[in-house]
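Engineer: The structure is given below, and queries will be raised subsequently.
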Amino acid sequence: MVRSTASVSATRELAVALHDVAWALPRTVDAEVEAELDPLAPSELEVMRLLVDRPGLNLGEVAEELGIQPSNASATVRMLVARGLLERAPDESDGRVTRLFPTKEAARTGRIREQEWGRRLERHLAELSPEQVDSLLAAVPALRALAAQLAPGE
């Protein structure tokens, strides 16, 4: 493992900045997008994003990955199935287990939602300096790698 020269203070600042951005995005950009699209509750959006990334999980795995109660995961999945965004399929090796998969409609609306996130975020980025925007865009690969490291069950 390569050690960074970043100090504990600098990594703390990074953690706080990432937290602040993660806290603000759903309250600004997500709120703007959800007001115009078929709105998804935050829990529905989390379940959808998890299953788009990792289709075929069962209900217990969804609850565990997201750190929510199985009953809450069940209610969320039930709403998403009713909206045509998720489908259930029996496990090929154990028919007692049900696997969850996003539908084509989920993929379509997910692409639209992500495009809108980009459009809305662009407005906010326009308030920053060109150097700050360049730095943020250049950090995307590193942020994705960090997200992969932090993701439970990966």
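The values are calculated or read from the model by the stated rules, or taken from the named source; none is laboratory data. What you see is a predicted model; the values in this text were computed from it and never measured. Here the Cβ positions follow ideal geometry from the backbone for every residue, glycine too, while neighbour counts run over all protein chains shown. Each accessible area value is taken on the protein alone, full model and side chains, heavy atoms only, with ligands, DNA and RNA left out. Shrake-Rupley method; radii C 1.70, N 1.55, O 1.52, S 1.80 Å.
Engineer: Which residues, taken from segment 116-145, are open to solvent by 70 Å² or more (accessible area, probe 1.4 Å) and not aliphatic (A, V, I, L, M)?
Structural biologist: Within segment 116-145, Arg119, Glu122, Arg123, His124, Glu127, Pro130, Glu131, Gln132, Asp134, Ser135, Pro141, Arg144 meet the criteria.
Engineer: Which pairs have Cβ atoms under 7 Å, sit 6 or more apart or on different chains, and link a residue in segment 112-139 that is within 27 Å of Leu40 (Cα to Cα) to one that is in a helix (DSSP H, G or I) and modelled with pLDDT of 85 or more?
Structural biologist: Within 7 Å, the pairs are Leu125/Val133.
Engineer: Okay, next question. Might you check whether a residue that is over 30 Å from Leu14 (Cα atoms) and part of a helix (DSSP H, G or I) occurs anywhere in segment 133-141? Quick ask: steps written out before the conclusion?
Structural biologist: First, the residues of segment 133-141 that are over 30 Å from Leu14 (Cα atoms): none.
No, segment 133-141 has no match at all.
Engineer: Ok, one more. Going through Ala63, Ala73, Ala22 one at a time, which residue ends up being aliphatic (A, V, I, L, M), in contact with a Pro (Cβ under 6 Å, 6 or more places away or on another chain) and open to solvent by less than 90 Å² (accessible area, probe 1.4 Å)?
Structural biologist: After ruling out the rest, the residue left standing is Ala63.
Engineer: Ok, one more. Tell me the residue from Ala148, Ala89 that is under 30 Å from Thr11 (Cα atoms) and open to solvent by less than 70 Å² (accessible area, probe 1.4 Å), please.
Structural biologist: Result of the check over Ala148, Ala89: Ala148.
Engineer: Hey, another quick one. Out of the residues in segment 21-70 that are among the β-branched types (Val, Ile, Thr) and modelled with pLDDT under 85, state the one that is farthest from Asp91 (Cα to Cα).
Structural biologist: Of the residues in segment 21-70, the ones among the β-branched types (Val, Ile, Thr) are 21, 28-29, 33, 47, 52, 62, 68.
Within this subset, residues satisfying the condition of being modelled with pLDDT under 85 are 28-29, 33.
Working: Thr28: 39, Val29: 37, Val33: 35 Å.
That would be Thr28.
Engineer: In addition: Of all residues being open to solvent by less than 70 Å² (accessible area, probe 1.4 Å) and among the aliphatic types (A, V, I, L, M) in segment 47-60, which is farthest from Lys104 (Cα to Cα)? Just the residue, please.
Structural biologist: We begin by selecting, within segment 47-60, every residue open to solvent by less than 70 Å² (accessible area, probe 1.4 Å); these are 47-48, 50-51, 54, 56-60.
Narrowing the set further to residues that are among the aliphatic types (A, V, I, L, M) leaves 47-48, 50-51, 57, 59.
Details: Val47: 16, Met48: 12, Leu50: 15, Leu51: 13, Leu57: 17, Leu59: 20 Å.
My answer is Leu59.
Engineer: Please specify each residue of segment 98-121 satisfying the condition of being more than 15 Å from Pro26 (Cα to Cα) and of a type in the set (Asp, Glu).
Structural biologist: Result: Glu105, single match.
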